[in-house]
Each structure stands twice: as C-alpha cells, then as structure tokens.
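Data block below; observations after.
The values are calculated or read from the model by the stated rules, or taken from the named source; none is laboratory data. Small disclaimer: the values here were computed from a predicted structure and weren't measured. Methodologically, a virtual Cβ is constructed for each residue, glycine included, from the backbone with ideal geometry; neighbour enumeration extends over all protein chains shown. Side chains included, ligands, DNA and RNA excluded: accessible areas come from the protein's heavy atoms. Shrake-Rupley method; radii C 1.70, N 1.55, O 1.52, S 1.80 Å.
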Amino acid sequence: MSATKVNPDLQRERDNCTFNVTELTNLLDGGVQKTTDRKLQEDRVLRELMSTNDVPAVYLSHKEKYEAAVKKACAMFQMIRRLQDEENAGMENYQALLGGTLGSAILGDGNPLTLHYVMFIPTIMGQGTVEQQAYWIGRAFNLSIIGTYAQTELGHGTFIRGLETTATYDPETKEFVLNSPTLTAYKWWPGGLAHTANYCIVMAQLYTQGKCYGIHPFIVQLRDEETHMPLSGIKVGEIGAKLGMNGTNNGFLGLENVRIPRDHMLMKNSKVLEDGTYVNAPSSKLTYGTMMFVRVMLCNDMCNYIAKAVTIATRYSAIRRQSQPKPNEPEPQILDYVTQQHKLFVGIASVHAFKLNADWIWNMYNNVTAEMESGDLERLPELHALSCCLKAVVTADAAENVERCRLACGGHGYMLSSNLPLTYGLVTAACTYEGENTVLLLQTARYLVKAWQQASAGNSLTPTVAYIGRVSKGRRSPPWDNTIEGIVEGFHNVAAGKIGLCVTQIEKRQKEGMSYEDAWNMTSVQLTSASEAHCRAIILGTYFNETEKLVKGVSAELKTVMLQLVDLYVVYWALNRMGDLLRFTSISERDIEQLQNWYENTLTKLRINAVGLVDAFDIRDEILSSTLGSYDGRAYERLMEEAMKSPLNAKPVNESFHKYLKPFMQGKL
C-alpha cells in the first residue's frame, strides 16, 4: 500500500518502528514459506468469496442471515473441495477457513458447517472402528452428508453424566432405539443442527440387557437425503437469536422411538455385540480425545480474535487525537497516554503468550496421543487437566482483552462497524462452549489435589505439577528474586500454596463431619482460584521458556522487542496478582515498587513499536472488517461510508414521520 494514502500519523508510526515487521510475521507464521502460502490462500479465498455489494449483515433479518451464511459456507467448502482435488491439500485448509481469521472474514457471525469439520468428522475418526471410518469418512469429507455433534441438552451441559437422552438396544431387531424422555432431554445448542445437517452424532445413555452403561456416541440420520425433511420421530428446529454467532444455525433435537442399526454406535472403544453383550473400553479416558483436540484448537482461535481486536484498537489509537494536556501544543495521539498503553500492550503480549502455549500443548497432545495408541495412558490425566484450565483461562482472558480494546476506542468502539462488538460475541461464547469455564477449573483442581496428595506421600509427579512436590514438603519461601524467572517461580509458589490450603481446608471440614462432596463444594471458590493460579504459572513459564528458544534465531532488534513483550506480560500479571504474591512469597514493598517502575518503563519502550507489533499480525482489511482498524487509518471516512449503507439513509424522510410523528406533533394521534 502506498505511503501517500495512509494517515500521516500511522505512517510515522511505521517509519519509526525499530524492527523488521516482516521478520516477526514470518516467525509467527512458522517460516517464510508459511507466510507466502497463507497470503496466497487469503488472496485466492477472498478473491473468490468476498462480495463487496452485499447489504451489511447487521441489516438482514435472522432468516436472511442464516440463508446468506449457508450460501457462503457452501461456496467456501466447494472451493476447499476443489483445492483438495487439485493440490491434495490437507486439514490446514479447513483450519484456516474455520478459525478466527479467514473464516470469520467470510462468515462474520458464525458458520453453519463448522461442527461438521470440527466435531462430526474428528469424532468418527477418533471413536469409529476402521470399518465405520471407511463407510462414513469419505461421505463426510466430500459433503455428500452433513453432520453435527449433539451432546449438550436443555437441562444438562458440562455435566455429561447427567445427560438424559437414551439409546436402548433391541436384540430382536439388532437396533438401538433412541428417545428424549423429557423436555430437558432435548439436545440444545449444536451448530448446524437446526436446518443444515442431515446426520448427527448423538451422545446418549446406553442401555442393554437391562443395564445402563453411560454415555456413548451414536450416528443418527435426521433428515431425508433427498428432500431434507425430518425423519419419523425426529423433532428438530432452531433455538433462536443469541448474543453472537447468529449464522451458526444452533438447533434443538427431540427423539421419539428413533431406530438405528447396531453398527451406528461408534465402537472403536466400547462395543455392543449382536446378542446385546456390552464389551468395555480398555480405558474410558480414550473418549476425551475429540474434546481435547477442540480445546487446543480453541486456544489458537482466541489468539486470532485478540490479534484482530488489538490491531483495530492500536491503529485507531495512533490516528485518534484527543485532549490538550500541555497548553499551546497540538492534541496528542491517544496512544501516547500511558493508560491507553496499559489497556492495549498486554493484549499484544497475550497473543504471543497464548500462541506459544497453544503450540506447546499441541505438541504435548500429539505426543500423548501417540502414547495412547500404544496403550500408555499415564500422561492423559495431566493433559486433560492442562487442556481444561488453559481453555478456561485463555477464553476468559480473550473476552477481557477484546472488551478492553472496545473500551479503549471510546464511543466508536461501540459501533458494530468497528467489528469489536461482533468479535466480543464470538470470544465470550467460547467461555461456555466445549466446557463451561468454572466447571473446567474445578476439573483441573481435582487433578491438582491428587497431585498434592501424591507429593505428600513421597511419590514423583508429572512435569507440569512437579513444582507442587517442592512446596508440599513444607520448605520456607525462598528469598524473592525480582527477575522474570523469579516471578514465574513466585507464581508456582502461589499455585502450590493455594492447592495446599484447599487440601487442608477439605480435610478440616471432613474432620468436622462434612462429607467429601460437601467439603469440596464449600472449598470450590478457593479450588477454582488454585486452578487459575496453576494455569497462570504454566502460561508465564511456557511463554518465557519458548521465547528464550525462539529469540536465538532472530535479529538483535526483534529479540529486544520480543523480550520486552515477555517482561511486560509477566510483570503485568505479577502486579495484577499482588495480593497472592504477598501472601505466598517473600516479596517486599521495595520489590513491588521496582515492579511498578519496570512495568511503566516497559510500556514506554514498547510505545515506539506498537503499530509495528500489530502490523506483524498481518491481518488484512477484509479479515479485520473494521472501520476503525484498516491499514490506511482512514477511520473517520470509513465510519461515514459505512453509516451511509444504513437502509434508513436511503430516503431523506422516513414514512414513520407521516404515519406517526407528524400526527402526534399536531395533536391528531
């Protein structure tokens, strides 16, 4: 883009940047070739799928939004199918088009086909036998059928064991009979379920030979493959408008004596034989796979959404001038205010922190999956605990960061055309789906309490909780070390201290006569806090360690900025959790003062590179989809251009004036 068309304030920011922006972009993408591939993919997809003459989606009805989403989703996947044939491309194409970057540029308010790729296909791959995979995967991949995944019910969400949908085996016909025995048993929320999918993986309580064997996955045909009419016994529809994701086509599903063949139960792990005999899974833990895959993907998605929000807010802060702190001087850019830097820079650092943590847990997931295939399940509980708390903390932080960016843009951030409200709707939804955050933190807490008890008994611990062993032996807090390593160690001490207090509290309450369950519930606020502290320690430590490895291969200028971001992020959280550090470490008043100065000085150092850092995320205008955050900085012109697209501006006088206002003003109504 030529310098002449760019807002002069924004251009000056770019001219003053001290590092090579492209070098950082390549690093974030995973190499020069990856950047080239991504840009080519973006060019191709946006050229084919972006239509400029559409009425902005905000002015469409609910029904029109869904119909537009289906049209675009079909065009998108038609294109992927073609790429698959031409280039034998892999799943990364799907990830790009389903995630928070390209996908949300084409389908800003959700995609009705997402669950087909993110849950339906991976569940069949993870839980179907070889024969079942051979039968279903081909049909699903080339979209001759469209699937979704139905677990959550009207009455139960994260508590999976409480699901009420039943699948009862009938040995006479060798079929399962599925039912929703109550209104609360209706499936509620699955994306694409309402009017898009014709097949569904239904999670139901399995009954055979008079006994319940818990939750299992069943493939159920919902609609006729030709007419798309719901089949007999299927009650299906849409759940209504939501805070966001209104193109997703979330649905409800009721089942009344719906019969499916025996081999439509996914049987890689557990089986029901023809005579109704239940054959147990080698480990019930094997079914965690799909959900963990989705949680790790979610962390990457959240990085993309925060990157978008912070790009919009930082660029806008560079062109927005406000107030006159010094008389007779021009109004400063709002990016010069330290309070504005405080709002934005931690968001930039969060993207780097979460991306490195997502990559780190992804590698761990792949290692553990390989071990699971060979029957080694030792690391699975550790990974499950990690994926739970990481999902909870990253999604909560993402929502907080996006909202902070919206507030940092003042009134204009409230405009839908800023794309910040829509982005907030997408990230805040993630705090609930794939496991409600509080429940997930409590699941991590169960693992942490066990780890504490193991350490107390002298047993060795898995790597991510090894620090508990050091603290549980009752050693006194070491002297406070005011360095990044010292702060990370301090967070480990906080986490271990909180876990230890929870264990003590639960034991004390049990001694006073409480049941374990009641003692757990009474301590649950502290338990979620302990899980969050554990996760913070992991995120901070991983961000620091992985960056230390990364900077060995970059230029001196980029290394300086990347390490400044680590400093900022770690010190930000130290100041944010000061009460915990005072309680569980030997930090002093003088140390805190030093941290505050360190933080403010780091903000000042990063100020010159703020725009360069968000430019390095390399998010195109079509993907940002924001009047405030475009590369050229023409925020005011774009706000006016977008305002003129409102249907209310089509005529100078709206008919309601003659119908209601004029008679009312003249006293004739």
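Structural remarks
- Restricting the first member to the stretch 575-603 and to residues that are open to solvent by 70 Å² or more (accessible area, probe 1.4 Å), and the second to residues that are of a type in the set (Val, Ile, Thr) and modelled with pLDDT of 95 or more, the beta-carbon pairs closer than 8 Å and six or more apart or on different chains are Arg583/Val494; Glu600/Val338.
- The stretch 290-306 residues that are closer than 23 Å to Leu266 by Cα, paired with ones that are among the hydrophobic types (A, V, I, L, M, F, W, C) (beta carbon under 8 Å, 6 or more apart): Thr290/Met119; Met292/Leu383; Val294/Val118; Val294/Met119; Arg295/Cys388; Arg295/Leu390
- Any hit, the stretch 214-236, residues being open to solvent by less than 40 Å² (accessible area, probe 1.4 Å), at pLDDT 95 or above and touching a Gly at 6+ places or on another chain (Cβ under 7 Å): yes
- Lone qualifier among Lys271, Lys308 - being closer than 16 Å to Gly126 by Cα and among the basic types (Lys, Arg): Lys271
- The set of residues in the stretch 159-174 that are crowded, with 18+ Cβ neighbours inside 10 Å and in contact with a helix residue (DSSP H, G or I) (Cβ under 9 Å, 6 or more places away or on another chain) comprises Leu163, Glu164, Thr165, Thr166, Tyr169.
- Candidate set: the stretch 106-128, residues that are open to solvent by less than 30 Å² (accessible area, probe 1.4 Å) and over 22 Å from the mean Cα position of the chain (by Cα); chosen: the one modelled with the lowest pLDDT: Gln127
- Here Asn246, Asn198, Asn250 are screened, and the one residue that is at pLDDT below 95 and either open to solvent by less than 40 Å² (accessible area, probe 1.4 Å) or not small (Gly, Ala, Ser) (or both) is Asn246.
- Just one residue in the set Asp263, Asp275 is in a loop (DSSP other than H, G, I, E, B), touching a residue at least 24 places away in the same chain (Cβ under 8 Å) and open to solvent by 50 Å² or more (accessible area, probe 1.4 Å); that residue is Asp275.
- Restricting Leu639, Leu628 to residues that are in contact with a His (Cβ under 7 Å, 6 or more places away or on another chain), part of a helix (DSSP H, G or I) and at negative phi narrows the list to Leu639.
- Total residues in the stretch 153-187 satisfying the condition of being closer than 22 Å to Cys388 by Cβ and modelled with pLDDT of 95 or more: the figure is 2.
Results for (1) surrounded by fewer than 20 Cβ atoms within 10 Å (Cβ to Cβ); (2) closer than 16 Å to Tyr447 by Cα, shown as yes or no for each residue.
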residue	(1), (2)
Ala466	yes, yes
Ile484	no, no
Asn493	no, no
Ala496	no, yes
Gln510	yes, no
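- Residues (farther than 16 Å from Ser529 by Cβ, open to solvent by less than 20 Å² (accessible area, probe 1.4 Å) and within 26 Å of the chain's Cα centre (by Cα)) located in the stretch 434-455: Gly435
- Test: residue in the stretch 401-420 that is of a type in the set (Asp, Glu), at pLDDT 95 or above and buried (at least 18 other Cβ atoms within 10 Å of the Cβ): yes
- Picking from residues in the stretch 304-320 that are modelled with pLDDT of 95 or more and farther than 11 Å from Gly347 by Cα, the one that is most open to solvent (accessible area, probe 1.4 Å) is Arg320.
- Checking the stated criteria, Glu238 turns out not to satisfy the condition of being of a type in the set (Asp, Glu) and over 23 Å from Asp109 (Cα atoms).
- Entirely in the stretch 1-50, the helices (runs of 4 or more DSSP H) that have 1 or more residues that are open to solvent by 80 Å² or more (accessible area, probe 1.4 Å) and of a type in the set (Val, Ile, Thr): 21-29, 32-49
- Verdict on Glu175 being over 26 Å from the mean Cα position of the chain (by Cα) and charged (D, E, K, R): yes
- Of the set (1) at pLDDT 95 or above; (2) more than 26 Å from the chain's Cα centre (by Cα); (3) open to solvent by less than 50 Å² (accessible area, probe 1.4 Å), all apply to Gln84 but (1).
- Every condition in (1) under 30 Å from Tyr59 (Cα atoms); (2) assigned to a helix (DSSP H, G or I); (3) more than 26 Å from the chain's Cα centre (by Cα) holds for Trp598 except the one numbered (1).
- The set of residues from the stretch 605-631 being open to solvent by 40 Å² or more (accessible area, probe 1.4 Å) and under 24 Å from the mean Cα position of the chain (by Cα) comprises Arg620, Asp621, Glu622, Ser625.
- So Ala241, is it surrounded by fewer than 20 Cβ atoms within 10 Å (Cβ to Cβ), more than 21 Å from Pro122 (Cα to Cα) and either under 25 Å from the mean Cα position of the chain (by Cα) or of a type outside the set (D, E, K, R) (or both): yes
- Just one of (1) in a helix (DSSP H, G or I); (2) crowded, with 18+ Cβ neighbours inside 10 Å fails for Thr339. It is (2).
- Those strands (runs of 3 or more DSSP E) lying entirely in the stretch 92-206 with at least 2 residues hydroxyl-bearing (Ser, Thr, Tyr) and touching a residue at least 24 places away in the same chain (Cβ under 8 Å): 147-150, 166-170
- Residues located in the stretch 356-377, provided they are acidic (Asp, Glu) and assigned to a helix (DSSP H, G or I): Asp359, Glu371, Glu373
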